[in-house]
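Q: Below you will find the structure I want to go over with you.
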Amino acid sequence: MIRIAFVIPTLDQSGAERQLALLAGGLPQEQYEVHVIALNRGGHYADMLRAQGINVHVLGKRFRFDVLTWWRLRQLLRDLKPNIIQSYIFAANSYVRLPGICPSACRIVISERCVDSWKSFWQLGLDRRLAGRLDAMTANSQSVADFYRREVGIPSDQLHVIPNGIPEAPNHSAGRLKDELDLAEDCDVVGFIGRLAPQKNLRDLVWAFHLIKQAAPRPVVLVLIGAGPLRESLAKFLTDLGTRDLVHFLGHRDDAAELLQDFNVFCLPSAFEGMSNSLMEAMSCGVPSVVSDIAPNVELVQHEASGLTFPVGEAPELAKAVIRLLNDSELSQRLGSTAQRTITENHSVQSLVQRHCQLYAALLAGIDQQSDAEPTQEKG
């Protein structure tokens, strides 16, 4: 039995947390004893994991560096004695690599989920200082791996690209979203799902929609599903453009994947990403996508084959691509079908779990091959 401890700041309903939950819940129970540790708080995925019989520990972290959390994590890991410790996101990736945290003989895997150009000098500096204190790093896209190799100095042989996994698309008939919003049957829906945050470039999408509504072949609305700090400023911008009545803010929705069935086009204008769960969900539903041409997006969407791309920051080009899809049903269907096939063949949850199991086996085989002549020293 392999004991594994996953460490993450929270178990809120977000992308990295979802991938952890899919992996933890998918590991074969006859081979793995799984523990999930949330530094700050639990949340949606804590309840889901507990319902699956997985051990969840919440440490109640209060500050950026909380000595009490450091001590609690140290003690918990010593009690659990995991063979593998895998962390997600900056705070957890930092904590597990601090001196004195991890017990002897365990293998440390950290997971990065985004091209983190947002990181400040001190955060990148800490990453570089801790770069030697790991056994492997997983990245959900090649562009993320390249960023950490180039900017942080993680050796290539420690970098492992394991793309996100997406469950099979729910089998729901279209029409639910239009019924909820009281939209006409012939109304087209352009949509976005994700956090309403600066890196998503949603102001570009709003400006593009102002152009789209003037050239669209049928009535059209914009639907934004998700919460975040930009909601009010986006609403004001829409009011200034005279487009507020055609844009629907739905907030966070547990049923977002089901509502995708009513999207005619999914848009992702982000300035940076890792590998977008929302984009993958749209593709898995066969919804044609228009995405910015940043590296993580084009790893998923091949222009003119499985979607359309546009230069990041170019709202008029985004509008042109959306209008093209709304005007050409044959193109939309072809791109959506290819996108759906791409996700089914390359990004299943089974593949996510299998590739992690292979990584764990390789890391633990390295321990087995070590000489017993000298005692293993505590990490740190």
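The values are calculated or read from the model by the stated rules, or taken from the named source; none is laboratory data. Remember, it's a predicted structure, so these values are computed and weren't measured experimentally. Glycine also receives a Cβ, built like all others from the backbone with ideal geometry; neighbour counts cover every protein chain displayed.
Q: Go over the candidates R3, R18 one by one and state the one that is of a type in the set (K, R) and under 19 Å from the mean Cα position of the chain (by Cα).
A: After ruling out the rest, the residue left standing is R18.
Q: How many of the residues in the stretch 303-352 are part of a loop (DSSP other than H, G, I, E, B) and either touching a residue at least 40 places away in the same chain (Cβ under 8 Å) or not polar (S, T, N, Q) (or both)?
A: Total meeting the criteria: 9.
Q: Take the conditions out of contact with any strand residue (DSSP E or B) (no Cβ under 7 Å at 6 or more places or on another chain), at positive phi and modelled with pLDDT of 95 or more and apply them to E314. Does it pass?
A: no
Q: Is one or more of the residues making up the stretch 200-215 under 17 Å from A295 (Cβ atoms) and not aliphatic (A, V, I, L, M)?
A: yes
Q: Let me ask you something else. Do you know which of the residues in the stretch 268-292 that are more than 16 Å from the chain's Cα centre (by Cα) and closer than 14 Å to V189 by Cα is surrounded by the most Cβ atoms within 10 Å (Cβ to Cβ)?
A: Of the residues in the stretch 268-292, the ones more than 16 Å from the chain's Cα centre (by Cα) are 285-290, 292.
When the remaining residues are screened for being closer than 14 Å to V189 by Cα, the result is 287-290.
On the way: V287: 25, P288: 30, S289: 27, V290: 27.
Once the filter is applied, the top-ranked residue is P288.
Q: For the stretch 209-227, how many residues are under 24 Å from P311 (Cβ atoms) and out of contact with any Phe, Trp or Tyr (no Cβ under 9 Å at 6 or more places or on another chain)?
A: Here the count works out to 8.
Q: Of the residues in the stretch 143-172, how many are over 14 Å from E281 (Cα atoms) and under 16 Å from the mean Cα position of the chain (by Cα)?
A: 5
Q: Then there's this: Condition first: at pLDDT 95 or above, within 30 Å of D135 (Cα to Cα), under 18 Å from the mean Cα position of the chain (by Cα) and not β-branched (V, I, T). Can you find one or more residues in the stretch 353-367 that meet it?
A: Among the residues of the stretch 353-367, at least one is at pLDDT 95 or above, within 30 Å of D135 (Cα to Cα), under 18 Å from the mean Cα position of the chain (by Cα) and not β-branched (V, I, T), which makes the answer yes.
Q: Just one of (1) crowded, with 20+ Cβ neighbours inside 10 Å; (2) at pLDDT 95 or above trips up R50, so point out which.
A: (1)
Q: Also, I was wondering about something else. From the residues in the stretch 206-242 that are assigned to a helix (DSSP H, G or I), in contact (Cβ under 8 Å) with a residue 24 or more places away in the chain and of a type in the set (D, E, K, R), which one is surrounded by the fewest Cβ atoms within 10 Å (Cβ to Cβ)?
A: Per the stated criteria, the residue is R231.
Q: Out of R62, R113, R107, which single residue is without any contact (Cβ under 8 Å) to a residue 60 or more places away in the chain, in the same structural domain as L359 (by TED's automatic domain parsing) and not polar (S, T, N, Q)?
A: Values: R113 fails: without any contact (Cβ under 8 Å) to a residue 60 or more places away in the chain; R107 fails: without any contact (Cβ under 8 Å) to a residue 60 or more places away in the chain.
Of R62, R113, R107, the one residue that is without any contact (Cβ under 8 Å) to a residue 60 or more places away in the chain, in the same structural domain as L359 (by TED's automatic domain parsing) and not polar (S, T, N, Q) is R62.
Q: Let me ask you something else. Looking at the stretch 257-281, I want the residues that are more than 19 Å from E168 (Cα to Cα) and at pLDDT 95 or above and have a partner that is among the aromatic types (F, W, Y) and outside any loop (DSSP other than H, G, I, E, B) with Cβ atoms under 6 Å, at least 6 apart or on another chain. Which pairs are those?
A: Going by the 6 Å Cβ cut-off, the qualifying pairs are C267/F192.
Listed here are the residues, each with its yes/no results for (1) aromatic (F, W, Y); (2) closer than 25 Å to E17 by Cβ; (3) in contact with a Cys (Cβ under 8 Å, 6 or more places away or on another chain); (4) modelled with pLDDT under 95.
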residue	(1), (2), (3), (4)
L134	no, yes, no, no
S141	no, yes, no, yes
F147	yes, yes, no, yes
N164	no, yes, no, yes
S173	no, no, no, yes
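Q: What's the total number of residues in the stretch 190-205 that are surrounded by 22 or more Cβ atoms within 10 Å (Cβ to Cβ) and either part of a helix (DSSP H, G or I) or out of contact with any strand residue (DSSP E or B) (no Cβ under 9 Å at 6 or more places or on another chain) (or both)?
A: Residues meeting the conditions: 4.
Q: Residue by residue through the stretch 48-69, note down the ones that are of a type in the set (A, V, I, L, M, F, W, C) and farther than 29 Å from Q31 by Cα.
A: F63, F65, V67, L68, listed by residue number.
Q: Taking V220, is it of a type in the set (V, I, T) and touching an Asp or Glu at 6+ places or on another chain (Cβ under 6 Å)?
A: yes
Q: Still on this structure: Restricting the search to the stretch 40-59, which residues are over 18 Å from I4 (Cα atoms) and in contact with a Leu (Cβ under 8 Å, 6 or more places away or on another chain)?
A: N40, R41, G42, G43, H44
Q: Which condition does R41 not pass, out of (1) in contact with a helix residue (DSSP H, G or I) (Cβ under 9 Å, 6 or more places away or on another chain); (2) of a type outside the set (A, V, I, L, M, F, W, C); (3) over 23 Å from A105 (Cα atoms); (4) surrounded by fewer than 19 Cβ atoms within 10 Å (Cβ to Cβ), if it passes all the others?
A: With (1) in contact with a helix residue (DSSP H, G or I) (Cβ under 9 Å, 6 or more places away or on another chain); (2) of a type outside the set (A, V, I, L, M, F, W, C); (3) over 23 Å from A105 (Cα atoms); (4) surrounded by fewer than 19 Cβ atoms within 10 Å (Cβ to Cβ) applied to R41, the lone miss is (1).
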